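Right, one structure below, let's go through it.
The values are calculated or read from the model by the stated rules, or taken from the named source; none is laboratory data. In this text, all values refer to a predicted model and were calculated from it rather than measured experimentally. Every residue, glycine as well, gets a Cβ built from its backbone with ideal geometry; the counts of neighbours run over all protein chains shown.
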Amino acid sequence: MTQTITEYYMMAYNRVVSAGYQKEIYYWKDLGTFDSCTPEQFFSEYVWCVLNAGMKEQVARKIYDRFMFVGDLTTIGHLGKRAAIKRGIEEHAQWFRILQDIPDKIEYLQTLPWIGPITKYHLARNIGIDCVKPDRHLVRLAKYFGFESPLLMCTEIQKKISYERLGTIDYVLWRDCNLRKVG
């Protein structure tokens, strides 16, 4: 018998927990909605997503932690990302006000410096908009299990496990692939 995506998800969940990431899973389960996001949280997540773009999470984490601790833009070696974050320092409060009022928040995020067609979902998820980031790991899994998109795949899992947010499902599948160095 072939494994279903829900069975795969449950196995991935157990692998992620066994690897010591239960606290992160709880973070995604407990993440508030965008309505509870502050301009400071928005900026922090913006920085995280910019630094993460095109980079391994483990490398981006070191740069992010150093920048957030020191607050010195020169800790960011990539000049394009540094310029985007500098602009974010100056304009994030304005971006946040616009984001609060605009109907299509995810599309608006793509207008921000260094936020692209995939990163917009990463940022949206991180600020409490329940969505799925179609990164290479989730795209590969969706294709393997016969889904047209990562969103459709995660929605199918959510139907079977109704207590999970899309963002939690996204995180578990991504972390499992990241830990196993798949994709």
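Could you tell me which residue of the range 150-181 is farthest from residue 131 (Cα to Cα), considering only residues that are in contact with a Lys or Arg (Cβ under 7 Å, 6 or more places away or on another chain) and acidic (Asp, Glu)? Among residues in the range 150-181 that are in contact with a Lys or Arg (Cβ under 7 Å, 6 or more places away or on another chain) and acidic (Asp, Glu), the one farthest from residue 131 (Cα to Cα) is 176.
If only residues of the range 44-77 that are out of contact with any helix residue (DSSP H, G or I) (no Cβ under 6 Å at 6 or more places or on another chain) and in contact (Cβ under 8 Å) with a residue 24 or more places away in the chain are counted, the one that is surrounded by the most Cβ atoms within 10 Å (Cβ to Cβ) is 44.
Quick one: which of 140, 175, 165 is in the same structural domain as residue 22 (by TED's automatic domain parsing), under 18 Å from residue 55 (Cβ atoms) and either among the aromatic types (Phe, Trp, Tyr) or surrounded by 14 or more Cβ atoms within 10 Å (Cβ to Cβ) (or both)?
Values: 140 fails: under 18 Å from residue 55 (Cβ atoms); 165 fails: under 18 Å from residue 55 (Cβ atoms).
From the options 140, 175, 165, the qualifying one is 175.
Going by the structure shown, is residue 93 more than 28 Å from residue 12 (Cβ to Cβ) and touching a helix residue (DSSP H, G or I) at 6+ places or on another chain (Cβ under 8 Å)? The answer is yes for residue 93.
Applying the criterion of at least 3 residues that are modelled with pLDDT of 95 or more, hydrophobic (A, V, I, L, M, F, W, C) and under 19 Å from residue 174 (Cα atoms) to the helices (runs of 4 or more DSSP H) found wholly in the range 58-147 leaves 136-144.
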